[in-house]
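Have a look at the structure below before the remarks.
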Amino acid sequence: MDDTGTGAIQYLTFQLEEEVFAFDIAKVREVLDFTDVTRVPKTPEFMRGVINLRGNVVPVVDMRLKFGMPATPKTVNTCVIIVEVTVDDEALVLGAMADSVQEVLDLDQNQIEPAPRIGSRLNTEFIRGMGKHGEEFIIILDIDRVFSSTELSLVRQGEEIALAVGQ
């Protein structure tokens, strides 16, 4: 096996229902406690709304809804992970709503297996790989591929609507 791809990468792990997911820490700007979001009409269901982040309108997406799970309940641990997504060479800041943030951990390339092939029905292209941490599997997401460019254009429209109505 070629070991030129070794070296640890830091990941921020978070929970959705019983599963643990992770984003490359380089894509994460900050983690916020969940606050109320302003709902924007005519946006996809997974877009919970927008928040005001230091004068900037930031769309918030419910990662559970995006992955076909029930909506994220508001608890003391519910949080919004502010990430930078790159689609079509354009950077977009958005909030990813999660049940809770777990920890930042280092995973070596040899601790990450390729994304499983689950047949053609399920799109797994946004899964970078499956990390192993102790006995636990971590689903490592490629945040730039989680949302299609069509979905992100709808999110952008919601952001523009919120700006127009003076969110």
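Just so you know, all these numbers are worked out from the coordinates, no wet-lab data involved. Quantities reported herein were computed from a predicted structural model and do not represent experimental measurements. Don't worry about glycine lacking a Cβ; one is built from the backbone with ideal geometry, like all the others, and counts go over all protein chains shown.
Length gained on full extension, GLU84 to ALA164: 26.5 nm, using 0.36 nm per residue less the C-alpha separation. Choose one answer from LYS42, LYS27, LYS66: the residue with the largest mean-square fluctuation in a GNM of the chain with alpha-carbon springs under 10 Å. Highest fluctuation among the options: LYS42. Rounded to the nearest 10 degrees, the inclination of helix 149-164 to the longest alpha-carbon principal axis of the chain is 30 degrees. Structural descriptor for the chain: relative contact order 28 percent, calculated from alpha carbon pairs under 8 angstrom and at least 6 residues apart.
For VAL20, the residues whose modelled amide H falls within less than 5 Å of its own, excluding neighbours fewer than 5 places apart on the same chain, are ILE139.
Taking the stretch 7-38 and a reference point 7 angstrom along Cα→Cβ of VAL76, the backbone N atoms nearer than 17 Å belong to 33-35.
Extending 7 Å from the Cα toward the beta-carbon at both THR35 and GLN10 defines two label points whose distance is 2.5 nm. Comparing Cα centroids, the stretch 79-93 and the stretch 11-46 end up 11 angstrom apart.
When the helices in the chain are scored as -39500 (n - 2.57) per DSSP H run of 4 or longer and the sum is shared across all residues, what 222 nm value do you end up with, to the nearest 500 deg cm²/dmol? It would help to have the intermediate numbers written out before the result.
On the way: 3 runs with 24 residues, N = 167.
After summing the helix terms and dividing by the residues of the chain, the value is -4000 deg cm²/dmol.
Among residues other than ASP99 with Cβ under 12 Å from its Cβ, the summed charge is -2 (Lys and Arg +1, Asp and Glu -1).
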